[in-house]
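Here the structure is laid out as structure tokens; the discussion comes afterwards.
The values are calculated or read from the model by the stated rules, or taken from the named source; none is laboratory data. These figures come from a predicted structure and were not determined experimentally. Here the Cβ positions follow ideal geometry from the backbone for every residue, glycine too, while neighbour counts run over all protein chains shown. Side chains are part of the model used for accessible areas, which takes the heavy atoms of the whole protein and leaves out ligands, DNA and RNA. Shrake-Rupley method; radii C 1.70, N 1.55, O 1.52, S 1.80 Å.
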Amino acid sequence: MTSQSFAELDALPTEVLRVQAFTKAREKHDIAFFWAVLRHLPDAADAASLDGAPNSIGPTVDEAVALWREFDGRDLGVQEPLLRAAFIDYLSKQ
């Protein structure tokens, strides 16, 4: 497989980059890549700050759902440029 140039990758929509990067990371079993992506999602800080107490289960579920939507490429918010750069960087490496 030939790696794509920066210009070719940069021309792709963010969602396509995300799918390609996730596919590559799954093939390589690259948990570190997925962890790095999760840490940079907009709702990651909110999810990490929840204490998990029984009375906070509603917010915990809500934050988990929001985090999953971001991880799945929906609603990347202000973090999209950073994540896009991470996807391009990951895909440009052999």
Could I have the simple spin-label model distance between Thr14 and Ser92, label points 7 Å from Cα toward Cβ, reported in nm to one decimal? 1.8 nm
Any idea of Arg26's accessible area? Nearest 10 Å², probe 1.4 Å. 130 Å²
For Val16, what is the net charge nearby, where nearby means another residue's Cβ is under 12 Å from its Cβ and Lys, Arg count +1, Asp, Glu -1? -1
